[in-house]
Amino acid sequence: MATQNLQSYELMVIFTPVLAEDDYKAAQKKFADFIKENGGEIVHQDSWGLRSLAYPIAKKTTGLYWVVEYKAASDVNAKMEIQMNRDENIMRHMITRLDKYAVEYNGRKRNKLSEAASA
């Protein structure tokens, strides 16, 4: 497993808006831990909180967004998809494979944000 080449991915999850703050954090931890337990590594995670949806999903107009950038072997995604499809707190999810340019862009964007915060 460790000899496999790790690819860069970005996962965006929209959790149901009825989750309490503790449950929202626990749900994020569950999938972050899942990535780590399967030989992946978390590069960056960002909790966007409650946002309006572009269109209603299951009669809900808002959702709790969470974005995580990670590196993992490609077989981890299939296992994680199964877990996410079984999780009733997840309204939508999307995994995107990042090429080297997207990884560089995300890194630059994070550095600009941290510089602005410290200034």
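Some values worked out for this structure:
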item: Taking only Cα atoms of the range 1-117, radius of gyration then Dmax in Å; result: 14.8, 45
item: For GLY39, net neighbour charge (Lys/Arg +1, Asp/Glu -1) across residues whose Cβ lies under 15 Å away; result: -1
item: Ellipticity estimate at 222 nm from DSSP helix runs (n ≥ 4, -39,500 (n - 2.57)) divided over the chain, nearest 500; result: -13500 deg cm²/dmol
item: Percent RCO, i.e. relative contact order, over the chain, from Cα pairs under 8 Å lying at least 6 residues apart; result: 39 percent
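Only the coordinates and a few stated rules stand behind these numbers; no lab work does. This structure is a prediction, so every number in the text was calculated from the model and none was measured. Glycine also receives a Cβ, built like all others from the backbone with ideal geometry; neighbour counts cover every protein chain displayed.
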